[in-house]
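Enquirer: I have a structure here, written as structure tokens, and I will follow up with some questions on it.
The values are calculated or read from the model by the stated rules, or taken from the named source; none is laboratory data. This structure is a prediction, so every number in the text was calculated from the model and none was measured. Methodologically, a virtual Cβ is constructed for each residue, glycine included, from the backbone with ideal geometry; neighbour enumeration extends over all protein chains shown. These area figures cover heavy atoms from the full protein model, side chains too; ligands, DNA and RNA do not enter into them. Shrake-Rupley method; radii C 1.70, N 1.55, O 1.52, S 1.80 Å.
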Amino acid sequence: MKVRFLGHACFLFSDDKDSVIIDPFITDNPQAPVPVSALRADPVLVTHGHGDHLGDAIEIANASGGSVLATNELAEYCMRQGAAGIPAHYGGVVHFEFGSVKVVPAWHSSSVGGDLRLVGVPCGFVIRFRGHTIYDTGDTCLFGDMKLIGDIENVELAILPIGGHYTMGPDDAVRAVEMIHPRLVIPMHFGTWDPIHVDPEEFKKQVEDRTPAKCIVLKPGEEYEL
Ligand code: NI
Ligand code: MN
């Protein structure tokens, strides 16, 4: 399977049969490497309602004949905007032809629109895709239950925010790698705007010095074969 980074916190997981996208912030992201019209995926996973994550989720789900999978209130919000939705919640596992998606906690907030309407709670996802296991934490700080998730899920690839300010920064993200103990790490949520400029190569060095994991730094548009 391929893991393609589409900028900020957006990843496309695919093989020749299926495509899953997470947090498709494309139209308003100057670093997005593809137009939203080029993207098809089902399901469309959304970790929380902030614009840099919900992004173009509804448009992509509709264009794909697919569904937005999110925590209850955010999925319901998307359904009221005309998308098919799969409302799920922490601990829930939703099954698909390619495998499954489990909803896990994240420490952040979740709102939509200019009036900051709250839409439930944010989440991370554990994605099982034809034998591969990916844990995307979503926007979050470091938290102790990452250890529990790592122990239970046997994570092959962890996708972690490193930009700080709104999420954990590089030092806490290295601690997250220690707790999740994945085989591979891909950093995200850095460099898009001023407050989250960090050096991903320094993060990679810290991960590889301090843990057995290999860190892959992708530029927007680049992909990694899992
Ligand atoms: Ni956010
Ligand atoms: Mn964010």
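Enquirer: Residue separation times 0.36 nm, minus the C-alpha to C-alpha distance between residue 76 and residue 109: what's the value? Numbers along the way, then the final one.
Expert: Values: separation 33, 0.36 × 33 = 11.88 nm, distance 1.67 nm.
So the extension gain works out to 10.2 nm.
Enquirer: Once both axes come from the Cα atoms, what is the angle between helix 170-180 and the longest principal axis of the chain, in degrees from 0 to 90, rounded to 10?
Expert: 90
Enquirer: A further question follows. Ranked highest first by average number of other Cβ atoms within 10 Å, how do 50-58, 5-13, 151-159, 192-200 line up? Show your work: numbers first, answer last.
Expert: Details: 50-58: 22.9, 5-13: 25.3, 151-159: 19.1, 192-200: 14.2.
Taking the mean over residues of other Cβ atoms within 10 Å, the ranking is 5-13, 50-58, 151-159, 192-200.
Enquirer: How do 165, 89 stack up against each other in accessible area, from largest to smallest, with a 1.4 angstrom probe? It would help to have the intermediate numbers written out before the result.
Expert: Numbers: 165 140, 89 75 Å².
Highest to lowest solvent-accessible surface, that is 165, 89.
Enquirer: With every protein chain present, what is the per residue accessible area of the chain (1.4 Å probe, Å²)? Don't skip to the answer; put the middle values down first.
Expert: Numbers: 9360 Å² over 226 residues.
For the chain, the per-residue accessible area is 41 Å².
Enquirer: How many angstrom lie between the C-alpha centres of segment 117-132 and segment 163-226?
Expert: Here the two parts' Cα centres lie 19 Å apart.
Enquirer: Would you please classify the overall shape of segment 21-147 from the alpha carbon gyration tensor, given that a ≥ b ≥ c denote the square roots of the eigenvalues, rounded means a/c under 1.5, and beyond that prolate means a/b larger than b/c while oblate covers the rest? Mind dumping the intermediate values first?
Expert: Values: a/c = 1.38, a/b = 1.12, b/c = 1.23.
Rounded shape, in that the Cα axes give a/c under 1.5.
Enquirer: OK, next. What trypsin sites (Lys or Arg not before Pro) in segment 1-110 are in a loop by DSSP, with at most 13 other Cβ atoms within 10 Å of the Cβ? Don't jump to the answer; show the numbers that get you there.
Expert: On the way: sites: 2, 4, 17, 40, 80, 102; in loops: 17, 40.
When the trypsin sites (Lys or Arg not before Pro) of segment 1-110 are filtered for loop state and at most 13 Cβ neighbours within 10 Å, 17 remain.
Enquirer: Right, another one. Using only Cα atoms, what is the ratio of the radius of gyration of the chain to 2.2 N^0.38 Å?
Expert: Values: Rg = 15.8 Å, N = 226, 2.2 N^0.38 = 17.3 Å.
My calculation over the Cα atoms of the chain gives 0.92.
Enquirer: In addition: I want the antiparallel fraction of DSSP beta bridges within the chain, as a percent rounded to 5.
Expert: Values: 29 of 48 bridges.
Percentage antiparallel, nearest 5: 60.
Enquirer: Just flag the GluC sites (Glu not before Pro) in segment 63-110 sitting in loop per DSSP whose Cβ has no more than 11 other Cβ atoms within 10 Å.
Expert: On the way: sites: 73, 76, 97; in loops: 97.
Those satisfying the criteria are 97.
Enquirer: Here is a follow-up. For residue 185, what residues show an amide H to amide H distance below 5 Å, using hydrogens built from the backbone and excluding near sequence neighbours?
Expert: 158, 214, 215, 216
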